[in-house]
Amino acid sequence: MSNINPNASKDIDKAFAKFTGFQLDYCNHLRALIHKALPEVKEDWKWGPNFNVSGMVCGVWGFKNHVKINFYKGSLMSDKHKLFTDADNDKGNRSIDFTEQDKIDDAKIIEYLKEAAALNKQGLTVEKKSITVNIPEDLLRALNKHSGLKMYFDKMAPSHKREYSEYVADAKQDDTRERRIKKVIEMIVENRKMKEKQELKNKHRK
């Protein structure tokens, strides 16, 4: 536990306080549920809020139209209630997204949290393929300016990261590149993958 960020709880307080509306309510509610389910949990901050029991259990963040709780070893979980919304994500991570219209089922989320923590305590790990993605430096700088986004970008499937990166790298002019980086940030905030890539290329060919 020596690697836990000692300022994590204050950083999470500040980050969540910037949200308004349902994002604030849902992030705070999920944070409280995590502590209820896992009394031994340690709050941590690595590229964004995450919660640690013998390793990272989950992370929570608010986006434009939804709030996400991400389980770092979700691929090893049973997904008993079929709540995971991104089964096409990388080999390890699985997430549950909540829009303003969704009701958080406390009992089910607590079940998932306890199962996730148990995986850490058992020492189980996710075997991941080593895939190198060349991410443009200016895209990395832009992601690091937006608290929490770098964490979720890092947890994306390599294919999604590659598509975002290629979309930026393909720009031939500096102003086009800047516009594409802004578009990528917007898409990540809205949790949109680059399946719209062709549509965007058609709009921004210059």
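The values are calculated or read from the model by the stated rules, or taken from the named source; none is laboratory data. Everything quoted here is computed from the prediction, not taken from an experiment. No Cβ is skipped: glycine too gets one built from the backbone with ideal geometry, and neighbour counts run over all protein chains shown. Note: accessible area is taken over every heavy atom of the protein model, side chains too, but ligands, DNA and RNA are not part of it. Shrake-Rupley method; radii C 1.70, N 1.55, O 1.52, S 1.80 Å.
Could you work out the relative contact order of the stretch 25-120, using alpha carbon pairs under 8 angstrom and six or more residues apart, expressed as a whole percent? Walk me through the numbers on the way to the answer.
Values: 146 pairs, mean separation 27.0, N = 96.
RCO, the stretch 25-120: 28 percent.
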Spin-label model distance (nm) - D102 vs E178, 7 Å beyond Cα toward Cβ = 3.6
Please give the calculated 222 nm ellipticity per residue for the chain, where each DSSP H segment of at least 4 residues contributes -39500 (n - 2.57) and the sum is spread over every residue; nearest 500 deg cm²/dmol?
-> -14000 deg cm²/dmol
V133 versus K10: modelled label distance in nm, points set 7 Å from Cα along the beta carbon direction = 3.3
Label the stretch 47-154 by shape, choosing from rounded, prolate and oblate, from the square roots a ≥ b ≥ c of the eigenvalues of the Cα gyration tensor; if a/c is under 1.5 it is rounded, and otherwise prolate applies when a/b is larger than b/c, oblate when it is not.
-> oblate
Rounded to the nearest 0.05, what FRET efficiency do K121 and K46 give with R0 = 22 Å and r taken as the Cβ-Cβ distance? Could you check?
-> 0.65
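Placing unit charges on C-beta atoms (Lys and Arg positive, Asp and Glu negative, everything else neutral), compute the dipole magnitude of the chain about its Cα centre in debye, rounded to 20. Working shown, then result.
Working: 40 positive and 31 negative charges, 108 e Å.
Dipole size: approximately 520 debye.
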Amide H contacts under 5 Å for W45, restricted to residues at least 5 apart in sequence or on another chain and with H modeled in the peptide plane, are N5, N50
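Quick check on the stretch 129-187: take the gyration tensor over C-alpha atoms, sort the square-rooted eigenvalues as a ≥ b ≥ c, and tell me if it's rounded (a/c under 1.5), prolate or oblate.
oblate
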Could you tell me which label, among [x] 8, 30, 30, 18, 7, 4, 2, 1, 0; [y] 7, 31, 34, 21, 6, 0; [z] 8, 34, 35, 18, 5, 0, carries the value of P(r) over Cα pairs in 10 Å bins from 0, in percent calculated for this structure?
-> [z]
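Rounded, prolate or oblate: which fits the stretch 95-145 when a ≥ b ≥ c are the square roots of the eigenvalues of the alpha-carbon gyration tensor, with rounded for a/c under 1.5 and prolate only if a/b beats b/c? Before the final figure, lay out the partial values.
Values: a/c = 3.39, a/b = 1.38, b/c = 2.46.
Oblate, since a/c reaches 1.5 and b/c is not below a/b.
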Taking 99-110, 27-38, 48-59 and ranking on average Cβ neighbours within 10 Å, highest first, one gets 48-59, 27-38, 99-110
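In what sequence, largest accessible area first, do W47, W61 appear using a 1.4 Å probe? Each step should come with its number before you reach the end.
Working: W47 130, W61 20 Å².
Accessible-area ranking of W47, W61, largest first: W47, W61.
Using the Cα centre as the reference, give the magnitude of the dipole from point charges on the C-beta atoms of the stretch 95-161 (Lys, Arg: +1; Asp, Glu: -1; all else neutral), rounded to the nearest 20 debye.
Values: 11 positive and 11 negative charges, 68 e Å.
Magnitude of the dipole: close to 320 debye.
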Rounded to whole Hz and in sequence order, give me ³J(HN,Hα) for the stretch 58-73 from the Karplus expression 6.51 cos²θ - 1.76 cosθ + 1.60, θ = phi - 60°, writing x for Gly and Pro.
-> 7, x, 10, 7, x, 10, 4, 10, 7, 10, 10, 10, 10, 9, 5, 10
